[in-house]
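Take a look at the structure set out below.
The values are calculated or read from the model by the stated rules, or taken from the named source; none is laboratory data. What you are looking at is a predicted structure, and each value in this text was computed from that prediction instead of being measured. With ideal geometry, Cβ positions are generated from the backbone for all residues, glycine too; neighbour counts draw on all protein chains shown. Surface accessibility is based on the protein's heavy atoms, side chains included, excluding ligands, DNA and RNA. Shrake-Rupley method; radii C 1.70, N 1.55, O 1.52, S 1.80 Å.
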Amino acid sequence: MKFAVIITLKKDVLDPQGKVIEQTLQNMGINSLKNLRQGKYIEIELNESDEKKAKSAIENMCKKLLVNLIIEQYKIIKI
Amino acid sequence: MNSSVIVFPGSNCDRDIATALTKLQFKNKMVWHKDNELPKSDLIVIPGGFSYGDYLRSGAIAAKSNILNEVIKAANSGCLILGICNGFQILIETGLLKGALLRNKDLKFISKDVYLKVTNNNNKFCKNYKKNNIIRLNIAHNEGNYFTQKDHLKELEDKELIPFKYCNKNGLINDSTNPNGSINNIAGILNNGKNILGMMPHPERMIDNLISNTDGIGLFTSILN
């Protein structure tokens with residue numbers, strides 16, 4: 001079973017890298033751009049057929065290593 | 001006094017700190033990250049560098065290494081722990097120190113000498129400095145922008161857990177004298193028990209007038225006494 005984890009900085013945490021990307025796109029003439037935040041994408045494949053168990057294993061990985069919960073938030077998506 | 005320096009793949013200030021400790025009469029041992037046992041230590045130093053190439057987040061992988069379990073046990077039983085630069089980032093990732101170290105506000109790697117004010121000397125790492133002493137140490141980092149929640153920040157200020165703040169040569173502490181965007185110009189913090197110090201500046205680089213200055217010596221002599 002395969003999952004994607006998307007990690008982004010929390011709303012209140014400054015994302016300077018995202019700001020630079022945003023400004024560059026605006027400088028390129030993309031006027032409709034309203035807001036941009038950047039983050040990390042991690043693909044994880046598990047030897048587990050029970051979706052609930054698999055998701056809880058991924059949650060555990062996020063909390064223990066993949067995500068710094070003080071500054072980051074995450075989403076788990078089955079792919 | 002016995003000290004141990006923990007070495008990870010990617011550590012690059014381990015020899016500097018070992019030289020400083022030995023020069024100042026510590027009996028120092030180097031400890032590899034895969035080891036499961038710590039030598040008898042009064043002080044454990046987690047040195048600067050780029051452990052594991054800063055993969056995932058600075059310090060995140062090193063914080064899960066074998067030897068860190070032993071460092072955490074030692075820390076919880078009162079052993080003095082000093083984390084410098086990447087060592088500070090590792091201590092944050094273990095949870096021994098609270099908060100987070102974000103990318104520098106201007107997105108640049110900063111390598112330069114900065115002025116620091118010794119804002120609190122009522123701890124084992126700074127007692128040989130006078131309160132409000134201004135010292136000059138080197139910083140060299142990309143993620144040194146300290147951030148923490150409001151209530152923790154208040155606790156740090158109220159309980160005198162901030163030994164160093166960035167300032168200018170006259171001791172002025174404000175945004176213009178803040179190199180990396182750290183909240184309240186924080187350059188280093190202590191845990192509640194005051195036995196764990198994490199700091200971004202490098203005191204081990206300032207122990208000899210031949211190459212820099214001797215402003216870092218006070219930190220090591222404080223520990224010795």
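When B:GLY188 is tested against (1) surrounded by fewer than 21 Cβ atoms within 10 Å (Cβ to Cβ); (2) not in a loop (DSSP other than H, G, I, E, B), just one condition goes unmet, and that condition is (1). Looking at this structure, is B:TYR146 more than 14 Å from chain A (Cβ to nearest Cβ) and part of a strand (DSSP E or B)? Against the criterion (more than 14 Å from chain A (Cβ to nearest Cβ) and part of a strand (DSSP E or B)), B:TYR146 does not qualify. When the residues of region A:2-13 are filtered to those that are away from every other protein chain (no Cβ under 11 Å) and under 13 Å from the mean Cα position of the chain (by Cα), the one that is most open to solvent (accessible area, probe 1.4 Å) is A:LYS11. Considering region B:1-77, the qualifying strands (runs of 3 or more DSSP E), each wholly inside and each with 3 or more residues that are within 19 Å of B:LEU96 (Cβ to Cβ), run over B:2-7, B:43-46. With the structure loaded, tell me whether B:SER222 is out of contact with any Leu (no Cβ under 6 Å at 6 or more places or on another chain), open to solvent by 40 Å² or more (accessible area, probe 1.4 Å), at pLDDT 95 or above and in a helix (DSSP H, G or I) or whether it fails that test. Against the criterion (out of contact with any Leu (no Cβ under 6 Å at 6 or more places or on another chain), open to solvent by 40 Å² or more (accessible area, probe 1.4 Å), at pLDDT 95 or above and in a helix (DSSP H, G or I)), B:SER222 does not qualify. Pairs are defined by a Cβ separation below 9 Å, a sequence spacing of at least 6 or placement on different chains, a first member in region A:1-14 that is basic (Lys, Arg), and a second member that is at pLDDT 90 or above and not in a loop (DSSP other than H, G, I, E, B); the pairs so defined are A:LYS2/A:GLU43; A:LYS2/A:ILE44; A:LYS2/A:GLU45; A:LYS2/A:LYS78; A:LYS10/A:GLU72; A:LYS10/A:GLN73; A:LYS11/A:GLN73.
On the stretch given as region A:14-64, residues that are more than 14 Å from chain B (Cβ to nearest Cβ), open to solvent by less than 100 Å² (accessible area, probe 1.4 Å), more than 21 Å from the chain's Cα centre (by Cα) and over 30 Å from A:LYS2 (Cβ atoms) total 3. Picking from B:VAL45, B:VAL31, which residue would you name as being in contact with a Pro (Cβ under 8 Å, 6 or more places away or on another chain) and surrounded by 16 or more Cβ atoms within 10 Å (Cβ to Cβ)? The conditions single out B:VAL31. The number of residues in region B:147-162 that are open to solvent by less than 60 Å² (accessible area, probe 1.4 Å) and modelled with pLDDT under 95 comes to 2. You will find that of B:VAL71, B:VAL31, the residue that is away from every other protein chain (no Cβ under 14 Å), among the aliphatic types (A, V, I, L, M) and farther than 26 Å from A:LYS63 by Cα is B:VAL31 and no other. If the condition is being within 14 Å of chain A (Cβ to nearest Cβ) and in contact with a strand residue (DSSP E or B) (Cβ under 8 Å, 6 or more places away or on another chain), then region B:85-95 contributes B:GLN89, B:ILE90, B:LEU91, B:ILE92.
State whether one or more residues within region B:208-216 are surrounded by 22 or more Cβ atoms within 10 Å (Cβ to Cβ) and either of a type outside the set (Val, Ile, Thr) or within 14 Å of another protein chain (Cβ to nearest Cβ) (or both). Spell out how you get there, then give the answer.
Looking only at region B:208-216, we keep the residues that are surrounded by 22 or more Cβ atoms within 10 Å (Cβ to Cβ), and these are B:215-216.
With the extra rule that they be either of a type outside the set (Val, Ile, Thr) or within 14 Å of another protein chain (Cβ to nearest Cβ) (or both), the set shrinks to B:215-216.
Yes; the residues of region B:208-216 include at least one that is surrounded by 22 or more Cβ atoms within 10 Å (Cβ to Cβ) and either of a type outside the set (Val, Ile, Thr) or within 14 Å of another protein chain (Cβ to nearest Cβ) (or both).
Screening the candidates B:ALA60, B:ALA100, B:ALA75 for the property of being among the hydrophobic types (A, V, I, L, M, F, W, C), farther than 23 Å from B:VAL5 by Cβ and open to solvent by less than 10 Å² (accessible area, probe 1.4 Å) yields one hit, B:ALA100. Among the residues of region B:202-211, are any in contact with a strand residue (DSSP E or B) (Cβ under 8 Å, 6 or more places away or on another chain), within 16 Å of B:LYS124 (Cα to Cα) and assigned to a loop (DSSP other than H, G, I, E, B)? Checked against the condition, which is being in contact with a strand residue (DSSP E or B) (Cβ under 8 Å, 6 or more places away or on another chain), within 16 Å of B:LYS124 (Cα to Cα) and assigned to a loop (DSSP other than H, G, I, E, B), region B:202-211 yields no hits at all.
Could you check, for region B:136-146, whether at least one of its residues is open to solvent by 40 Å² or more (accessible area, probe 1.4 Å) and either among the acidic types (Asp, Glu) or without any contact (Cβ under 8 Å) to a residue 60 or more places away in the chain (or both)? No, every residue in region B:136-146 fails to be open to solvent by 40 Å² or more (accessible area, probe 1.4 Å) and either among the acidic types (Asp, Glu) or without any contact (Cβ under 8 Å) to a residue 60 or more places away in the chain (or both).
When region B:103-122 is filtered for residues that are more than 14 Å from every other protein chain (Cβ to nearest Cβ), surrounded by 16 or more Cβ atoms within 10 Å (Cβ to Cβ) and in a loop (DSSP other than H, G, I, E, B), the ones remaining, listed by number, are B:THR119, B:ASN120, B:ASN121.
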